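Encoded as structure tokens, the structure appears first; notes follow it.
The values are calculated or read from the model by the stated rules, or taken from the named source; none is laboratory data. Every value quoted in this text rests on a predicted model; they were computed, and no experiment measured them. Glycine gets a Cβ as well: all are built from the backbone with ideal geometry, and neighbour counts include every protein chain shown. Only protein heavy atoms, including side chains, enter the accessible area calculation; ligands, DNA and RNA are left aside. Shrake-Rupley method; radii C 1.70, N 1.55, O 1.52, S 1.80 Å.
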Amino acid sequence: MTLSRNIQTILNGTIQSIKAVIPLNLSYKPPTLLSQPYEVVEMAVLIGIVGDMKARIIIDASSHYFSSVGASMFGMPLEGEMLESFTGELGNMIAGNLCTVVAQQGLEIDITPPTVIVGQSKLYGFQQAFFLPVEVTDIGPMAIILTVDED
């Protein structure tokens with residue numbers, strides 16, 4: 001597969017994975033190119049992708065967003081260390097599901113353990129990045145960032 005086809009497969013697979021993992025009403029806008037640096041304002045989870053493609057997925061949202069998603073999945077709002085742990089696990093679930101989805105299309109990838117980012121941060125060091133806005137009804141926005149490293 002070409003790099004552009006791999007990127008499209010990952011982005012489409014990410015949408016399918018989010019739908020499978022988050023049991024809420026979601027809407028998406030088309031992805032756009034993103035330039036460096038990417039700024040995380042409050043909370044995010046970063047997961048590396050290795051295999052047929054080297055990339056990273058960053059799931060960026062407010063702590064209220066992650067807490068509300070946790071409440072919808074587990075019946076109670078999350079905060080503190082439990083919220084940070086859930087944020088990492090949510091990223092892990094989405095990225096793990098992504099591996100299965102894209103394998104069905106011939107793209108073999110694996111993921112690294114999640115890295116939770118808390119607080120304002122700037123992310124540099126990527127060659128290309130794509131910004132995929134996701135909106136959850138009654139909760140708010142979430143951003144999916146796919147950074148791509150060409151070999």
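Checking Leu83 against (1) touching a residue at least 60 places away in the same chain (Cβ under 8 Å); (2) closer than 18 Å to Val21 by Cβ; (3) of a type in the set (A, V, I, L, M), only one condition comes out false. Which one?
Single failed check for Leu83: (1).
Just wondering, is there one or more residues in segment 125-140 that are of a type outside the set (Lys, Arg), part of a helix (DSSP H, G or I) and more than 21 Å from Tyr28 (Cβ to Cβ)?
Taking segment 125-140 as the starting set, the residues that turn out to be of a type outside the set (Lys, Arg) are 125-140.
Then drop every residue that is not part of a helix (DSSP H, G or I), which leaves none.
For segment 125-140, residues of a type outside the set (Lys, Arg), part of a helix (DSSP H, G or I) and more than 21 Å from Tyr28 (Cβ to Cβ): absent.
Of everything in segment 119-135, what is within 14 Å of the chain's Cα centre (by Cα) and either open to solvent by less than 50 Å² (accessible area, probe 1.4 Å) or among the polar types (S, T, N, Q) (or both)? Give them in sequence order. Don't jump to the end; show me each part of the working.
Quick first cut of segment 119-135, residues within 14 Å of the chain's Cα centre (by Cα) only: 129-135.
Correct list: Ala129, Phe130, Leu132, Pro133, Val134.
Could you list, in sequence order, all residues of segment 67-79 that are within 29 Å of Ile109 (Cα to Cα) and touching a residue at least 24 places away in the same chain (Cβ under 8 Å)?
Val69, Met73, listed by residue number.
Would you mention how many residues in segment 126-151 are within 17 Å of Ile22 (Cβ to Cβ) and acidic (Asp, Glu)?
2
State whether the residues of segment 56-66 include one that is in contact (Cβ under 8 Å) with a residue 24 or more places away in the chain and more than 17 Å from Ile117 (Cβ to Cβ).
no
Checking Pro77 against (1) more than 21 Å from Leu11 (Cα to Cα); (2) under 10 Å from the mean Cα position of the chain (by Cα), which test does it fail?
Only one criterion is unmet by Pro77, namely (2).
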